[in-house]
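Accompanying notes for the structure given below.
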Amino acid sequence: MATIQDIGVSAAINILSAITFLLAFAFLRLQPINDRVYFPKWYLKGARESPSHGGAFVRKFVNLDMRSYLKVLSWMPAALKMPEDELISHAGLDSAVYLRIYLIGLKIFAPITVLAFIILVPVNWTNTTLQSSKVQHSDIDKLSISNIPVGSKRFAAHLTMAYVFTFWTCYVLLREYEIVATMRLRFLASEKRRPDQFTVLVRNIPPDPDESIGELVEHFFLVNHPDHYLTHQVVYNANKLDKMVKEKKKMQNWLDYYQLKYERNTSQRPTTKVVAKFDHTGFLGCFGSKVDAIEYYTSEIERIEKEETDERGKIMKDPKSVVPAAFVSFRSRWGAAVCAQTQQTSNPTVWLTEWAPEPRDVYWDNLSIPFVYLTIRRLIIAVAFFFLNFFYVIPIAFVQSLANIEGIEKAAPFLKPLIEMHTIKSFIQGFLPGIALKIFLILLPSILMFMSKVEGLTSVSSLERRSAFKYYIFLFFNVFLGSIIAGSALEQLKTFLHQSANEIPRTIGEAIPMKATFFITYAMVDGWAGVAGEILRLKPLIIFHLKNFFLVKTEKDREEAMDPGSIGFDSNEPQIQLYFLLGLVYAVVTPFLLPFILIFFGLAYVVYRHQIINVYNQEYESAAAFWPSVHGRIIVALIVSQLLLLGLLSTKGAAQSTPVLLVLPVVTFYFYKYCKNRYEPAFVEYPLQDAMRKDTLERAREPGFDLKGYLMNAYIHPVFKGDEDDEKFSISDEPEAEQVLVATKRQSRRNTPVPSKYNGSESPSLAEILLRCAFAAGRSKSGAKRENEERND
């Protein structure tokens, strides 16, 4: 069990690591050669030029201005200087609201920390319960609720603080929900025109033997949305073509590499090894016959280009390449809102509509998945996720065994002399468990993102939110509950075996707060050194310079070599929620944990604000659609903290406090329901009043704007964009005829009151003839009436 000395060793290691990372960043960011690594966002915006364009040769790589090195921390005030409105304009609302999660942590835990140390720490410290107890403990545990004797009246202080902390947390959450909802509505009202504001994604389009998907979509929306439908874009299954394009790009990179290598040494042609049977390069170039590298990759690119052309032709000609989904655009935001937020037919399983993601947010690979398969896929992933959680308990238990010196000595007796050394022992108990847990979690976000993709979600933002949900569930059960249960059981196993069954719940109640030492070490490893390492960007730095040396020929190549990255909502947000959970749970139980969490929120806010301003390139804009999930998870953490405190006090002879504490989760739940009903609709639905207001203003400002031309190719698959055949994959821009009928190829219900561009040469149906006759008779009657009126005049 970690002692104060062990925590001190861990703190020293992590503080030293964090300072090293920050100093290295302060030095590297000043070097001109690294400018594109630490300021890529400004290059992508065209607001920054490479400092290596002029001046002395050395100055192109090294900053020789000694005065700049004296301001190593100047990036911190610079990161805090940009106002929030300017930040929204610069990086988007998603980024600005994401930063507010860290601010919420500071707002919640700063007052809680002060109150806990003023009131609870003295109450806990001035007891001798643990000294007379058989339970293993350290000096840190004397600051926890475990040091309060059974049935003590001092628990009244903990009950009072539980109420204070709950009401303060709810107040902060309420204020923030209101602020973020207002920011979202203001952002949507002031935002520039975007294709997704006018477009709806339609899925599970029922097949029709007489009409293609494109004809069916146009007919359906001309019938049911005659005054608002504008155009549509069918979705093609271009996944195979997309793989070809990526493979060609990979081959082009290798060709560029060997061409640069040959230019630097023209005396020898570069070679590579190819496995003839499979017609691809051997592993790491170690196997196969030797061939000319430039000729080989040139021929491979030509082969792929030919296959790519054939695949494009196949997509154009094969009706099966069109999937039963389409992006349907409307003349106004109001029309799109009505369609996206209503049921289209009496059958709720077909013609399913939802707001289309913005074009860069679309995850094209999943649009080709048949809708009927989605339920099966989600069931399979749910089962797989359950087993992933179950089997991950094994490494978690291993991590907890690292925090138990006795367990290590028992498993490896020959290490006992080494482990018993004071420094080594402090390192193992104070630092090793936290770093081991972080290592075990490195691959988890990638695994969860893959599982979310298999589920069939159609936008990058929804994929990240679903992955974040899975990651949070995993952290809650495996890292939080798993560490508490496994760690307590391992450490107190001897005590459990030598006491009566009636005493075991009380021992668990005393032991659970003692796992705070493990979470303190994890907070320092992940929240201090980990956050400082984020700003250093060591991996992107190395990759950029490798690409710059081996692949870059032009400024365009250099721009592509930059890897600005993104916030990583799917992995970072659940990690933040873990700190909320730890802070709220241990605020009353072990307040000593709170300063470590407070430092995390403060440091992370500064670091990620700098990264958002200078580095991260926003992949999409969801207008803070993730906020209800953030709010809900903090509420879950608050309720869990209340229930755990309730269970803990029941083992401490304070059963009379149960009715008092039961009020808190009930009140918190109803607070959540109030916030959900009051603010969440702003994140789910688009108010028709706001849509109409924005449409009216836009028509007044730009009465002649060609909206159809603007939306025509907005939702073309990226592999077709920029291609000379783009027009083959879009709806032709024909003048709209002022007709009354839509001819359809169906054998029934063939008449609709709006025109269609798919008018063929088929004979009109009987109903069409009758309608036309009635229309002609009406026109003749009105004409005769007008002639009589003119004659009378």
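Annotations for the structure displayed:
- Qualifying residue in segment 36-50 (condition: at pLDDT below 80, surrounded by fewer than 19 Cβ atoms within 10 Å (Cβ to Cβ), over 30 Å from Ile520 (Cα atoms) and touching an Asp or Glu at 6+ places or on another chain (Cβ under 8 Å)): yes
- Taking each residue of segment 252-276 that is basic (Lys, Arg) and looking for partners that are assigned to a strand (DSSP E or B) and open to solvent by less than 70 Å² (accessible area, probe 1.4 Å) with beta-carbon atoms closer than 9 Å, six or more apart or interchain, yields Arg269/Asp292; Lys273/Thr281; Lys273/Ser289; Lys273/Val291.
- If only residues of segment 536-551 that are without any contact (Cβ under 8 Å) to a residue 24 or more places away in the chain and aliphatic (A, V, I, L, M) are counted, the one that is least open to solvent (accessible area, probe 1.4 Å) is Ile543.
- You will find that of Ala682, Ala700, the residue that is in contact (Cβ under 8 Å) with a residue 60 or more places away in the chain and either touching a helix residue (DSSP H, G or I) at 6+ places or on another chain (Cβ under 7 Å) or not assigned by the TED database to the domain that holds Glu176 (or both) is Ala682 and no other.
- Within segment 139-159, restricting attention to residues that are in a helix (DSSP H, G or I) and free of Cβ contacts under 8 Å to residues at least 40 places away in the same chain, the residue that is surrounded by the fewest Cβ atoms within 10 Å (Cβ to Cβ) is Ala156.
- Residue match in segment 648-656 (condition: farther than 19 Å from Ile484 by Cβ and among the basic types (Lys, Arg)): no
Residues are listed down the side, and each one gets a yes or a no for (1) free of Cβ contacts under 8 Å to residues at least 60 places away in the same chain; (2) open to solvent by 10 Å² or more (accessible area, probe 1.4 Å); (3) of a type in the set (Phe, Trp, Tyr):
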site: Glu560; (1), (2), (3): yes, yes, no
site: Gln577; (1), (2), (3): no, no, no
site: Leu593; (1), (2), (3): no, no, no
site: Gln611; (1), (2), (3): no, no, no
site: Tyr616; (1), (2), (3): no, yes, yes
site: Val630; (1), (2), (3): no, no, no
site: Leu644; (1), (2), (3): no, yes, no
site: Leu664; (1), (2), (3): no, no, no
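- Residue identified as more than 30 Å from Leu260 (Cβ to Cβ) and open to solvent by 70 Å² or more (accessible area, probe 1.4 Å) among Lys306, Lys317: Lys317
- Answer residue from segment 76-94, given it is in contact (Cβ under 8 Å) with a residue 12 or more places away in the chain and exposed (fewer than 14 other Cβ atoms within 10 Å of the Cβ) and is farthest from Leu603 (Cα to Cα) among those: Glu84
- Identification of helices (runs of 4 or more DSSP H) wholly contained in segment 10-120 with 3 or more residues that are among the hydrophobic types (A, V, I, L, M, F, W, C) yields 75-81, 84-91, 93-115.
- If you go through segment 165-199 and pick out every residue that is open to solvent by less than 40 Å² (accessible area, probe 1.4 Å), assigned to a helix (DSSP H, G or I) and either of a type outside the set (A, V, I, L, M) or without any contact (Cβ under 8 Å) to a residue 12 or more places away in the chain (or both), you end up with 11.
- Test: residue in segment 216-236 that is free of Cβ contacts under 8 Å to residues at least 12 places away in the same chain and in the same structural domain as Arg333 (by the TED database): yes
- Test: residue in segment 321-343 that is farther than 30 Å from Arg465 by Cβ, under 37 Å from the mean Cα position of the chain (by Cα) and not hydroxyl-bearing (Ser, Thr, Tyr): yes
- Filter pass, Val202 being assigned to a strand (DSSP E or B) and touching a strand residue (DSSP E or B) at 6+ places or on another chain (Cβ under 8 Å): yes
- Within segment 375-422, the set of residues being touching a helix residue (DSSP H, G or I) at 6+ places or on another chain (Cβ under 6 Å), open to solvent by 40 Å² or more (accessible area, probe 1.4 Å) and at pLDDT 90 or above comprises Arg377, Arg378.
- Residue among Asp570, Asp557 that is assigned to a helix (DSSP H, G or I), of a type in the set (Asp, Glu) and closer than 21 Å to Ser462 by Cα: Asp570
The values are calculated or read from the model by the stated rules, or taken from the named source; none is laboratory data. Quick caveat: nothing in here was measured; it's all calculated off a predicted structure. Cβ coordinates were reconstructed from backbone atoms using ideal geometry, including for glycine residues, and neighbour counts include every protein chain displayed. The accessibility values were calculated without ligands, DNA or RNA, using every heavy atom of the protein model including side chains. Shrake-Rupley method; radii C 1.70, N 1.55, O 1.52, S 1.80 Å.
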